[in-house]
1. Taking the DSSP beta bridges in the chain as the whole, what percent of them are antiparallel, to the nearest 5?
2. What nm value, rounded to one decimal, do you get for the distance between Val252 and Ala188 when each label is placed 7 Å out toward the C-beta?
3. Is there a quick way to get the dipole size of the chain? I mean about its Cα centre, with the Cβ of Lys and Arg at +1 and of Asp and Glu at -1; what is the value in debye to the nearest 20?
4. Quick check on the chain: helices-only [θ] at 222 nm, where DSSP H runs of length 4 and up contribute -39,500 (n - 2.57) each and the sum goes over total residues. Nearest 500, please.
5. Using a Förster radius of 45 Å, what is the FRET efficiency between Thr307 and Asp227 based on their Cβ-Cβ separation? Nearest 0.05, please.
6. Near Lys281, which lysines are there with a Cα under 29 Å away, not counting those fewer than 8 places off in the same chain?
7. Mean Kyte-Doolittle of at least -0.5 and a Cα length of 24 Å or more along the axis: which whole DSSP H helices of the chain meet both?
8. Only residues of the range 41-61 count here: report those whose backbone N is under 16 Å from the spot 7 Å along Cα→Cβ of Thr159, or say none.
Amino acid sequence: MPLSRHVATLALGIALALPALAQSVKVTPLGGIDGEFCPQDRALVFEDPNGTRILYDPGRTVAGATDPRLGKIDIVLVSHMHGDHIGNVHNQAPNAGSCDKPDLSVSAMPGTSAVNIALAKKSKIVTGSEMPPFFAAKLKALGGDPANSMLARFGGSVTVGGVRIATVAALHSNGVDPDFIGGELGRAMKEAGIAGDVGLATGYVLRFSNGLVAYLSGDTGITADQDQVVRGHYGARLVVMNIGDGFSTGPVEAAYVINSLVQPASVIASHANEVGTVGGKVRPGSKTEAFIKAVKVPVHVPLSGKTLAFDADGRCVAGC
């Protein structure tokens, strides 16, 4: 083939691919170590084709509100109140510590990372169950607007920045650590060994402006809702699935959720509670590897800082 024709063919291929990529949803993990999947990794940033950016479960690997990787954040989602999701502590900076020994040296109290980031970025915090009043009180106490804590309760939804957000039940505990409450009440609760009640833990179903429907499982066990609601009603095509075992679904159980219940086009592994990769490659014998082998659809490992892009059907079109 003449060089000019080869260049023209290549240019045509790029031109055809660009519209699909422009209409894709971008997902960027904000983990502990660039290029790796580490034990504390939870945080993901979703970017809608219209520019709306959503931070999901900031956890302990987002280095506070000044983390340079955050950029603009319009919405913060928190699946439940545990410190590794809401962010009770965090690293000093991206890549502080190591994958197996993460830096957790900075306290995010009394606000939590979720609230501190929302304040700095002027974001909405969208949660379900009975969590919104907690976040409203935190925002108010720290000089923010309590109206920026928004409710999306089971069976309903809210639309923010062109993204429709619904909550679904997660089978997991959701107690508020007494340290988040503080004062005499917090001390009394800690001595009694009890936590605050803010209702059920949640997962999320997001419908983006390009039509992609994504299910973010939060920490959960196997539920009938994953079939009847997440697949049957919402039709999720992309899933972020926790695989950590012990506290929630392990790799075998999570694979059942994917293969038999939700049946998406793609899945992003999450919350493995292990060193999932070494040098960017899946660690042999890991839960991450077991999950990949058991799942019948493409599994994407969330390597920190590496952006994935998904089309309306949940298929990875870039960064795969």
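1. Percent antiparallel among DSSP bridges in the chain is about 65.
2. Simple spin-label model gives 4.6 nm for this pair.
3. Details: 27 positive and 27 negative charges, 183 e Å.
Here the chain has a charge dipole of around 880 debye.
4. Mean residue ellipticity, 222 nm, calculated: -6000 deg cm²/dmol.
5. 0.90
6. Of all the lysines, those that pass the test against Lys281 - Cα under 29 Å, at least 8 places apart if same chain - are Lys26, Lys101, Lys293, Lys296, Lys306.
7. TM-like helix candidates: 3-22.
8. 48-52
The values are calculated or read from the model by the stated rules, or taken from the named source; none is laboratory data. Not measured: the values here are computed from a predicted model. Using ideal geometry, Cβ is built from the backbone for each residue, glycine included, and neighbour counts are taken over all protein chains shown. The accessibility values were calculated without ligands, DNA or RNA, using every heavy atom of the protein model including side chains. Shrake-Rupley method; radii C 1.70, N 1.55, O 1.52, S 1.80 Å.
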